[in-house]
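Bear in mind these aren't lab numbers, they're just calculated from the coordinates by the rules spelled out. This is a predicted model, so every value here is computed, not measured. All Cβ positions, glycine included, derive from the backbone under ideal geometry; neighbour counts span all protein chains shown.
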Amino acid sequence: MSRYVLPVSALGTVVGGAVLLKDYVAGGACPSKATIHGKTVIVTGANTGIGKQTALELAKRGGNIILACRDMEKCEAAAKDIRRETLNHHVNARHLDLASLKSIREFAAKIIAEEERVDILVNNAAVMRCPHWTTEDGFEMQFGVNHLGHFLLTNLLLDKLKASAPSRVINVTSLAHVAGHIDFDDLNWRERKYNTKAAYCQSKLAVVLFTRELSRRLQGSGVTVNALHPGVARTELGRHTGMHNSTFSSFTLGPIFWLLVKSPQLAAQPSTYLAVAEELEGVSGKYFDGLKEKAPAPEAEDDEVARRLWAESARLVGLEVSHESSARAQSLPR
Ligand SMILES: NC(=O)c1ccc[n+]([C@@H]2O[C@H](COP(=O)([O-])OP(=O)(O)OC[C@H]3O[C@@H](n4cnc5c(N)ncnc54)[C@H](O)[C@@H]3O)[C@@H](O)[C@H]2O)c1
């Protein structure tokens, strides 16, 4: 009997430690119980992964939820799933392709015309490490969708957000932004040899810089904007990297992924928290790693880079550039 005590207690320690580590990595559920009845929410890329779970978490709290996706069949199916699971019938699908400025403008025009208010905008959609593709307007795909698409969408909806204030913009970025650098000489990878990983990191750094500059511009408006890293989650994001569902459940890597990778439901908690938590009322321009506020990478805190990126982004998507940002951008070295 006694010869079993040691191995059994060792196994208990390993299993207990693994469960504790998994809980720590998962980061926990959104601590806020706030409801959002009467509020209108837009979640981009909401047909799958973290976006779908975020829409579901927010639908549970009431509100009018708009899933903004490029594939309408998948979008309708996700809206139906969420309505069934939450019994919230105000969950609807709308078409938005962030790789097309025309589609973004059409989506925003419909929202402005048909929705009374927009209280919460979750800029969640992204593409990661795809081949060297370009958007309809010729932008490098990751920079175009992850940053420029959301930059234009948010700017087009700003008046609606301001009219609905207090309102919130939540920008989903990634810890990968720390490895990013904004190359103003070649934002769209036309001169450099394409590096799919560096392009993703640049796009996610751009999202944090956009958050910073937008927050500065929105001071006093009642609209807040924050960025977050949701954690590493088991989603379809790795479709271009060879990381498929079979990788997650493989015999050798499966246990490691089980320990370190979140479910989409847990990875949706930070977006939910930033969207609803009462204690975050008025908090703006911050970066959250999961549920905790953290300092982003040094380049993400550089106000000159943030202003210059704003001016360049506005020029690329055809938004009028304010005198302030164009004057500053021109005074910076190219
Ligand atoms: N999964 C992770 O480990 C992880 C880690 C860090 C950050 N993130 C971020 O979380 C967010 C959600 O990612 P996910 O893991 O759920 O990935 P996912 O691939 O499952 O979901 C991404 C969504 O974006 C949509 N999308 C892509 N291109 C689009 C376009 N042109 N127009 C409209 N929608 C488009 C996709 O259709 C999909 O619905 C992303 O911003 C991602 O960068 C994820």
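When only the Cβ of Lys, Arg, Asp and Glu is charged (+1, +1, -1, -1), the dipole of the chain relative to its Cα centre reaches about 700 debye. As a size descriptor, the averaged projected area of the C-alpha convex hull of region 55-94 was calculated at 2.2 nm². Footprinting exposure proxy ranking of Val5, Val145, fewest other C-beta atoms within 10 angstrom first, gives Val5, Val145. The slack in the chain from Lys197 to Ser263, taken as 0.36 nm per residue of separation less the alpha-carbon distance, amounts to 21.4 nm. Taking amide hydrogens as placed 1.01 Å from N in the peptide plane, the amide H of Trp133 sits under 5 Å from those of Met141, each at least 5 positions away in sequence or on another chain. Multiplying the residue separation of Met72 and Glu136 by 0.36 nm and subtracting their alpha-carbon distance yields 21.2 nm. For Ala165 and Asn92, the FRET efficiency from 1/(1 + (r/R0)^6), where r spans their Cβ atoms and R0 equals 22 Å, is about 0.40. Considering only Leu209, Asn188, Ala295, and ranking their Cα positions along the charge dipole of the chain that arises from unit charges at the beta-carbon of Lys, Arg, Asp and Glu, the one farthest toward the positive end is Ala295.
By the Cβ distance rule (another cysteine Cβ under 4.7 Å), the unpaired cysteines of the chain are Cys30, Cys130, Cys201. Pairs from the list Lys39/Lys197; Lys39/Lys80; Lys197/Lys292; Lys110/Lys262 with a Cα-Cα gap above 31 Å: Lys39/Lys197; Lys110/Lys262.
Per-residue Karplus couplings for region 34-39, computed as 6.51 cos²θ - 1.76 cosθ + 1.60 with θ equal to phi - 60°, are listed in order as 4, 9, 10, 4, x, 9 Hz, Gly and Pro entered as x.
Listed by chain and number, the aspartates and glutamates whose alpha-carbon sits under 15 Å from that of Lys33, ignoring those within fewer than 8 places in the same chain, are Glu57, Glu278, Glu279, Glu281. Scanning residues 5 or more positions from Asp289 or on other chains, those with amide H under 5 Å from its amide H are His229, Lys294, with H placed 1.01 Å from N in the peptide plane.
Summarising the amide proton neighbourhood of Val91: residues at separation of 5 or more, or on other chains, whose placed amide H is nearer than 5 Å comprise Ile65. Determine the shape class of region 36-302: with a ≥ b ≥ c the square roots of the Cα gyration tensor eigenvalues, call it rounded for a/c under 1.5, and otherwise prolate if a/b is greater than b/c, oblate otherwise. Judged from the Cα gyration tensor, region 36-302 comes out rounded (a/c under 1.5).
Each label point was placed 7 Å from the Cα along the Cα-to-Cβ direction; for Arg117 and Ala295 their separation is 3.8 nm. Taken as entire DSSP H runs, the helices of the chain that both span 27 Å or more between Cα atoms along their own long axis and average 1.0 or more on the Kyte-Doolittle scale are 5-26.
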